[in-house]
Structures are given as C-alpha cells and as structure tokens.
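Presented below is the structure to which this report refers.
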Amino acid sequence: QSLSLNNIFFEKGKFALLPASFMELDRLVIILKNHPAMEIELTGHTDNIGDPKLNLLLSENRAKAVKDYLTSKGISAGKISAKGYGDKKPIASNTSELTRKQNRRVQFTILKK
C-alpha cells in the first residue's frame with residue numbers, strides 16, 4: 001500500500017525540504033521507531049511541466065531529501081529506499097495547476113512490517 005505524505009513542501013523546481021514539512025516527517029519518524037522491523041520505499045513524483053529528464057532527477061532528489069531527513073532523525077538508511085518516477089505515475093490530470101499540484105508529491109510504501 002502506498003501512502004502520500006501530506007504537507008511535504010519544496011520550493012518550485014528544487015529539492016531542499018522546507019521547514020513546514022518537518023511536522024509531517026516527524027510523524028513518519030515516530031511510526032518507523034515504533035515499528036523497528038518496518039522497511040519502506042519512498043517515491044518522488046512531479047507534474048508534466050518541464051523537461052522529463054529534469055523532472056525525473058528532481059523526483060529522485062526529493063525522495064532522497066526525505067530519506068536524508070529520516071536518517072538524520074535516527075532511522076537506519078538500510079530500512080529506506082528512495083526512487084523517483086518524474087511524471088510517469090500521475091494521480092490526477094495535468095490539465096490545471098490545481099491537479100498538477102496533486103502530482104507533485106512524495107509517497108511511501110511499506111515493504112516489510
């Protein structure tokens with residue numbers, strides 16, 4: 001099951017996490033610490049605006065930024081994989097800014113409980 005991390009914020013076209021993201025990520029840290037055997041995959045996604053190759057790189061870097069945050073809070077890097085998909089797995093149309101915003105996301109999937 002894949003779950004979107006809500007309230008994860010980046011500047012447009014960048015991958016550094018904004019401080020407004022920390023509360024949501026800290027919730028994930030608590031979940032991972034309370035379930036020490038859990039392993040997850042983080043996936044980064046973008047909308048379809050811009051160069052597809054750059055979007056793929058951006059999505060990879062955003063997933064890695066979330067992983068880096070989690071490991072900085074004491075979560076083992078070996079329990080987290082990170083991958084970017086660019087604009088290849090939209091959850092909404094890319095026809096308006098409102099729907100494109102939904103496609104710019106980081107999700108996590110529980111690989112092992």
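The helix-only estimate of mean residue ellipticity at 222 nm for the chain, built from DSSP H runs of length n ≥ 4 each weighted as -39500 (n - 2.57), is -11500 deg cm²/dmol after division by the residue total. Length available on full extension from residue 9 to residue 54: 0.36 nm per residue minus the Cα-Cα distance, which gives 14.4 nm. Of the trypsin sites (Lys or Arg not before Pro) found in segment 1-62, those in coil by DSSP whose Cβ has at most 16 other Cβ atoms within 10 Å are 12, 14.
Across the protein chains, with a 1.4 Å probe defining accessible surface, the residues 10, 108, 22, 15 rank 15, 22, 10, 108 from largest area downward.
The equivalent ellipsoid that matches the C-alpha gyration tensor of the chain spans semi-axes of 24, 14, 13 angstrom, in descending order.
To the nearest ten degrees, helix 22-34 and the longest principal axis of the Cα atoms of the chain are 40 degrees apart. Computed with a 1.4 Å probe on the full set of protein chains, the accessible area for residue 49 sits at about 100 Å². For segment 1-89, the fraction of 1.4 Å probe accessible surface lying on carbon and sulfur atoms is 57 percent. Structure note, pairs 14/113; 67/112; 12/89: Cα-Cα distances above 22 angstrom occur for 14/113.
Within the full protein context, the accessible area of residue 101 is estimated at about 130 Å² for a probe radius of 1.4 Å. In plain terms, the chain from residue 76 to residue 16 could stretch by 19.5 nm, reckoned as 0.36 nm per residue minus the Cα-Cα distance.
The values are calculated or read from the model by the stated rules, or taken from the named source; none is laboratory data. Predicted model only: the values in this text are computed from it and were never measured. Backbone-built Cβ (ideal geometry, glycine too); neighbour counts: all protein chains shown. Heavy atoms of the whole protein, side chains included, go into the accessibility calculation; ligands, DNA and RNA do not. Shrake-Rupley method; radii C 1.70, N 1.55, O 1.52, S 1.80 Å.
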